[in-house]
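Encoded as structure tokens, the structure appears first; notes follow it.
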Amino acid sequence: MADIVLNGDTSGSITVAAPAVAGTNTITLPASTGTIITDTSPKTGNILQVVSVIKDTSFTTTSTSFTDITGLSVAITPSATSSKILVLMNVASSNTTSTAIAMTQLVRDSTAISIGASGETGEPCTGYTSQAGYDMGQVAVQYLDSPSTTSETTYKLQLRTTNSSQTAAINRTGEYQSQQGNVASGITLMEVAG
């Protein structure tokens, strides 16, 4: 392997090591002053990693407590405690009748985030739909989170109905069997350098 060794002004050195590659490859450095961005020294605002999950099957519940939606959670491990996590979420939810509401909640590990003010009438949540007969409503959320950790962090969606005799659902269309079909919901996480 051919290495280039750059000696420091007063001490130490930096070794630029070339990996084993086929053919001839060129890296062009900019003709300006500045700092080289690395994975350990990113610029504020850089996107460091992206992870996502898509669920294209239906999920239903008759629970009046928020319940994890199977298959709609994704984990990310921030590279620094100063990193922000941009959460992009979309979910298509519905309820069997207009006498109940399908409520969704975005959760980081066990903490609900991006929810309404707790002082309002009714339970705060990330989003809801109240269409009858599985007429879906789309809930889309953009939320910049500050988990302040370098440990693996899981973001997930939860669902509940306001009436246990009714069924809340995601990705499900059509009140009758002949009309049923599925759409897709998902979560995308982007780590943003702080």
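The values are calculated or read from the model by the stated rules, or taken from the named source; none is laboratory data. Quantities reported herein were computed from a predicted structural model and do not represent experimental measurements. When we count neighbours, we look across all protein chains shown, and the Cβ atoms used for this are built from the backbone with ideal geometry, even at glycine. Accessible surface is based on the protein model in full, side chains and every heavy atom, while ligands, DNA and RNA are left aside. Shrake-Rupley method; radii C 1.70, N 1.55, O 1.52, S 1.80 Å.
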inquiry  = Taking the conditions exactly as written (open to solvent by 50 Å² or more (accessible area, probe 1.4 Å), in contact with a Leu (Cβ under 9 Å, 6 or more places away or on another chain), modelled with pLDDT under 95 and in a strand (DSSP E or B)), does Gln142 satisfy them or not?
reply    = yes
key: Residue check, Ile69 closer than 12 Å to Leu189 by Cα and among the β-branched types (Val, Ile, Thr)   = no
ask   = Just a yes or no: is a residue in region 159-166 at pLDDT 70 or above, within 18 Å of Leu88 (Cα to Cα) and either assigned to a loop (DSSP other than H, G, I, E, B) or out of contact with any His (no Cβ under 9 Å at 6 or more places or on another chain) (or both)?
value = yes
inquiry  = Is it the case, given these coordinates, that Ser63 is in contact with a strand residue (DSSP E or B) (Cβ under 7 Å, 6 or more places away or on another chain), part of a loop (DSSP other than H, G, I, E, B), at pLDDT 90 or above and surrounded by 15 or more Cβ atoms within 10 Å (Cβ to Cβ)?
reply    = no
message = If the requirement is being under 27 Å from Ala80 (Cα atoms) and either open to solvent by 100 Å² or more (accessible area, probe 1.4 Å) or more than 36 Å from the chain's Cα centre (by Cα) (or both), which of these qualifies: Thr10, Thr28, Thr35, Thr24?
response = Thr35
request  = For region 95-104, state whether one or more residues are surrounded by 13 or more Cβ atoms within 10 Å (Cβ to Cβ), at pLDDT below 90, of a type in the set (Ser, Thr, Tyr) and not in a strand (DSSP E or B).
outcome  = yes
request  = For region 167-194, enumerate the residues that are at pLDDT 95 or above and either more than 13 Å from the chain's Cα centre (by Cα) or over 19 Å from Asn90 (Cβ atoms) (or both).
outcome  = Glu191, Val192
message = Take the residues in region 38-57 that are open to solvent by 50 Å² or more (accessible area, probe 1.4 Å) and in a loop (DSSP other than H, G, I, E, B); name whichever of them is farthest from Thr97 (Cα to Cα).
response = Thr40
inquiry  = Out of the residues in region 72-94 meeting the condition of being open to solvent by less than 10 Å² (accessible area, probe 1.4 Å) and among the hydrophobic types (A, V, I, L, M, F, W, C), tell me which one is farthest from Tyr155 (Cα to Cα).
reply    = Ala92
